[in-house]
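The values are calculated or read from the model by the stated rules, or taken from the named source; none is laboratory data. Computed from a prediction, not measured in an experiment: that's the story for all the values here. In this analysis, Cβ positions are derived from the backbone assuming ideal geometry, glycine residues included, and neighbour counts consider all displayed protein chains.
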Ligand code: PMP
């Protein structure tokens, strides 16, 4: 039986994508070859890379606006240092909203001065800081749009007069935002976009070339832009499956259509967390993520009963991250409303029984 997969990432992808992706392992495009054995320079794969790069820009509404899309390796974690390597000349600002921002700050400190413009660390990152003032003269401001571990999400983005960089690893393609307000967006594929192994970087070309340091070729955005994201062997299969997932999203109606579905899913689950006295949410209500809902039991003695019930209902991946505890239900694009319904039924069943 197919599980209801609430895993935080790698995570559920559309079932149709799994079908098509498995077929391509056996025979890709009726070529008599597996996608795993073709050259990354073959026309078949170059077409995949071109379509993936084009779809990423199209879904974000950034086509023809001076942006380039790249599919790189090394995960979002490599982007923590690559952004600073390429863009930090003297001083950059960071909004610290959780573990991943913290790690981005740590890497950037190797390249220049970092101003922590705002942080919610004192409250174990259960809210998004607001009303902060941004110092002048920053090389860029870095944000994390969705905090996968803590279940918070930025709803209003700050207006800045410097380049704006955003780690969108866990909510890319999930909601409509004016993506043109960002100069660089990066996201590890393994949530809404595809399997682990590739990282999307969308970058406005005109922010590059401003630092004086030498940058090694593999860590230089300009290298990858000039080679069409094919400077070295890309993660062929991860890019292919990401391309299929973006096609799926486009056919569904794009980011606008999935946002409506995501909002309905999140509303259903958060209503249960609010109304059921056995549960309480972790994140501040106005900052709650539509992708990762963090919550716990009000009575720890019910843990064994609840854990048995959700596992028996075919639910996977509900345990919270160790730095928050409790539970985390990740509701990425490909998770169906039915799966949320199953979880909510288990939660209300627990209330009936308790
Ligand atoms: N940023 C965010 C918001 C994440 O959720 C993650 C991973 N879950 C990362 C960065 C790190 O990504 P990677 O493992 O691809 O390096």
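Pull up the range 47-56, narrow it to residues that are in contact (Cβ under 8 Å) with a residue 40 or more places away in the chain and touching a strand residue (DSSP E or B) at 6+ places or on another chain (Cβ under 9 Å), then point me to the one that is nearest to residue 230 (Cα to Cα).
49
Working only within the range 272-284, note down all residues that are loosely packed, with under 14 Cβ neighbours inside 10 Å, touching a helix residue (DSSP H, G or I) at 6+ places or on another chain (Cβ under 8 Å) and outside any loop (DSSP other than H, G, I, E, B).
Within the range 272-284, 280 is the sole residue that qualifies.
Checking the condition out of contact with any strand residue (DSSP E or B) (no Cβ under 8 Å at 6 or more places or on another chain) and more than 30 Å from residue 258 (Cα to Cα), which residue from 33, 59 passes?
On the way: 59 fails: more than 30 Å from residue 258 (Cα to Cα).
Of 33, 59, the one residue that is out of contact with any strand residue (DSSP E or B) (no Cβ under 8 Å at 6 or more places or on another chain) and more than 30 Å from residue 258 (Cα to Cα) is 33.
Residues checked against (1) in the same structural domain as residue 270 (by TED's automatic domain parsing); (2) within 14 Å of the ligand (Cβ to nearest atom); (3) crowded, with 16+ Cβ neighbours inside 10 Å:
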{"position": "151", "(1), (2), (3)": "no, yes, yes"}
{"position": "155", "(1), (2), (3)": "no, no, no"}
{"position": "186", "(1), (2), (3)": "no, yes, yes"}
{"position": "197", "(1), (2), (3)": "no, yes, yes"}
{"position": "204", "(1), (2), (3)": "no, no, yes"}
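Residue under question is residue 165, and the condition is that it be touching a residue at least 60 places away in the same chain (Cβ under 8 Å), within 16 Å of the ligand (Cβ to nearest atom) and under 18 Å from residue 114 (Cα atoms); does it hold?
yes
Return yes when residue 330 is within 28 Å of residue 61 (Cβ to Cβ), buried (at least 22 other Cβ atoms within 10 Å of the Cβ) and touching a residue at least 40 places away in the same chain (Cβ under 8 Å) and no when it is not. Spell out how you get there, then give the answer.
Working: within 28 Å of residue 61 (Cβ to Cβ): yes; buried (at least 22 other Cβ atoms within 10 Å of the Cβ): yes; touching a residue at least 40 places away in the same chain (Cβ under 8 Å): yes.
It is true that residue 330 is within 28 Å of residue 61 (Cβ to Cβ), buried (at least 22 other Cβ atoms within 10 Å of the Cβ) and touching a residue at least 40 places away in the same chain (Cβ under 8 Å).
Which members of the range 81-107 meet the condition of being free of Cβ contacts under 8 Å to residues at least 40 places away in the same chain and either near the ligand (Cβ under 8 Å from one of its atoms) or surrounded by 24 or more Cβ atoms within 10 Å (Cβ to Cβ) (or both)?
84, 103
Out of all the residues in the range 86-102, which are in contact with a helix residue (DSSP H, G or I) (Cβ under 8 Å, 6 or more places away or on another chain) and over 17 Å from residue 141 (Cβ atoms)?
none
Checking the condition on the phi > 0 side of the Ramachandran plot and touching a residue at least 12 places away in the same chain (Cβ under 8 Å), which residue from 137, 131, 180 passes?
Result of the check over 137, 131, 180: 137.
Here's a check for you: in the range 150-159, which residue that is assigned to a loop (DSSP other than H, G, I, E, B) and at negative phi is farthest from the chain's Cα centre (by Cα)?
To start, the set of residues in the range 150-159 that are assigned to a loop (DSSP other than H, G, I, E, B) comprises 150-151, 154-159.
Filter once more, keeping what is at negative phi: 150, 154-159.
On the way: 150: 14, 154: 13, 155: 15, 156: 17, 157: 16, 158: 19, 159: 22 Å.
The qualifying residue farthest from the chain's Cα centre (by Cα) is 159.
So for the range 172-180 (the condition being within 20 Å of residue 80 (Cα to Cα) and either buried (at least 21 other Cβ atoms within 10 Å of the Cβ) or assigned by TED's automatic domain parsing to the domain that holds residue 38 (or both)), does at least one residue qualify?
Yes: one or more hits.
Considering only the range 126-149, how many residues are part of a loop (DSSP other than H, G, I, E, B) and surrounded by 15 or more Cβ atoms within 10 Å (Cβ to Cβ)? So that I can check it myself, show each step before the final result.
Looking only at the range 126-149, we keep the residues that are part of a loop (DSSP other than H, G, I, E, B), and these are 126-140, 145, 148-149.
If we keep only those that are surrounded by 15 or more Cβ atoms within 10 Å (Cβ to Cβ) too, we end up with 126-129, 134, 138-140, 145, 148-149.
Qualifying residue count for the region: 11.
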